[in-house]
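Worksheet: the structure to be examined is printed underneath.
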Amino acid sequence: MKSYRSNTDYNTRLDRVIKACVQVDPSRRTTMEEITQFLSGDIEYFEYELREMERLENQRLEEQRREEKRRRNRIDSTSHGDQAKCPCGRSKIYDLKMDEDINKIKLKVNDKRIGGISGVGTARKQKVKHAYWPAANKCVVLKISEMKTEHSEGIVREVEVLDYLNKKEENERNYIIKMFGFEMKEVEGNKVMYTVLELGGMDLFDYFDKAIRDGRCLAKEKTNEDFLIKVFRGAAQALEQFHKYGIHGDVKHENFIVSLEQSSDENLIECKLIDFNTAVLEGQSCIAYMEIFGEMYKAPEIAGKRKVTKEADVWAFARNNRDAIEIMEEYRSNTEYNTKLDRVIKACVQHNPTDRPTMKEIVQFLNDEIEYFGYEMVEMERLENERLEEEKRKKVERRRKPGNRLFCGLC
């Protein structure tokens, strides 16, 4: 059945009817009315076929756009001699004097440390450098991590996670930062991990703040929220994708970076999820030094514990709104915070982990595919039951009032 569903060799009229009927997603399956129309020649395509053709065409146009951008970068980088800049425009290629060979990836490296890209600080004995990869004509991040610290297990874990994700199809991991290569080297008697990563942009709130300063959104509450929802939509999409493979364990706005290559979808700002030192793939256990990472970002049920859960990731996702964290208890129950983004945050910070939505539900909610979160529906049902119970109680009280009783006059 599965091979039949996706096999393009089965393309007779009857084959197409069968494929339309056995789509895994019920919403993609045809109706009997459509089948009748199709077999009668009244319609040429099933609805799911039209959507698929549109998706493939958008994919083709997107790839065409990216290829044109790469072509322009190649022209720019070869036509201006010593003044030519790298594709991201961060450095002049001539000034990239330092060479690094990371597992056959030959890089020209900017010796200056760059921040705001990979979400790691100096406390972890890590250096983050901008590098140019001539063979691929692209800019990358070179992360250099000393292995003699208590964070060494997390450094190895990140490489394992990214190496695992490299084995996935591109469209199954395209919202997660990509690792192009890694190598463990010995430097002055110490082990050092070199990791070559995809170059990204600013983290979520730096991007949002810059957008306001640049005038891309007006300094008005509603406009800002609309723009922030687009950013949150991209971040939610990234975390939802990773939750198919594991738990992140260190969800915070610094670990979502804006993708340098945006799609044509105007309803979201595409983001990439980064920093997998605490991540746990399905079947893995937590790292030994879990307690040294992001204690302040942990959900209440796992605070102080060496533990991660998807529900805790969801709770931490709400921390992307800084103001909400300062008034978390008030925010959780206040009915005045009822914009779309407010409702996402309130859903994420529900005290009971089972009341929190999944990242898939958050994405669906932000995309207007669902109207309510599960806990909201439970709460509405509870309030409705309370209302009915109150009505019932009042009816009983009215019957008991003396004025409502009939007397025969002999009593």
Worksheet, complete the sentence: Taking region 174-215 and keeping residues without any contact (Cβ under 8 Å) to a residue 40 or more places away in the chain and aromatic (Phe, Trp, Tyr) leaves PHE208
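Can you pull out every residue in region 12-27 that is more than 36 Å from the chain's Cα centre (by Cα) and of a type outside the set (Ser, Thr, Tyr)? I'd like the intermediate steps shown before the answer.
Narrowing region 12-27 to residues more than 36 Å from the chain's Cα centre (by Cα): 12-15.
Within region 12-27, ARG13, LEU14, ASP15 qualify.
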Item to complete: Give ARG113, ARG90, ARG72 a once-over and let me know the one that is in contact with a His (Cβ under 6 Å, 6 or more places away or on another chain), modelled with pLDDT under 85 and under 21 Å from LYS138 (Cα atoms).
Response: ARG90
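Per-residue answers, yes or no, for (1) under 11 Å from the mean Cα position of the chain (by Cα); (2) closer than 15 Å to VAL363 by Cα; (3) modelled with pLDDT of 90 or more; (4) not assigned by TED's automatic domain parsing to the domain that holds VAL344:
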position	(1), (2), (3), (4)
CYS217	no, no, no, no
LEU228	no, yes, no, no
ARG233	yes, yes, yes, no
PHE242	yes, yes, yes, no
GLY246	no, no, yes, no
ASP250	no, no, no, no
SER263	no, no, no, no
Discussion item. If I filter region 81-111 down to residues being aliphatic (A, V, I, L, M) and within 27 Å of VAL192 (Cα to Cα), which single residue comes out as surrounded by the most Cβ atoms within 10 Å (Cβ to Cβ)?
Written reply: LEU107
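Every residue, every condition in (1) basic (Lys, Arg); (2) modelled with pLDDT under 90; (3) not assigned by TED's automatic domain parsing to the domain that holds ASN110, yes or no:
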site	(1), (2), (3)
ASN137	no, no, no
VAL141	no, no, no
GLU146	no, no, no
SER152	no, yes, no
LYS168	yes, no, no
LYS178	yes, no, no
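The values are calculated or read from the model by the stated rules, or taken from the named source; none is laboratory data. In this text, all values refer to a predicted model and were calculated from it rather than measured experimentally. Note that we place each Cβ from the backbone using ideal geometry, even for glycine, and neighbour counts take in every protein chain shown.
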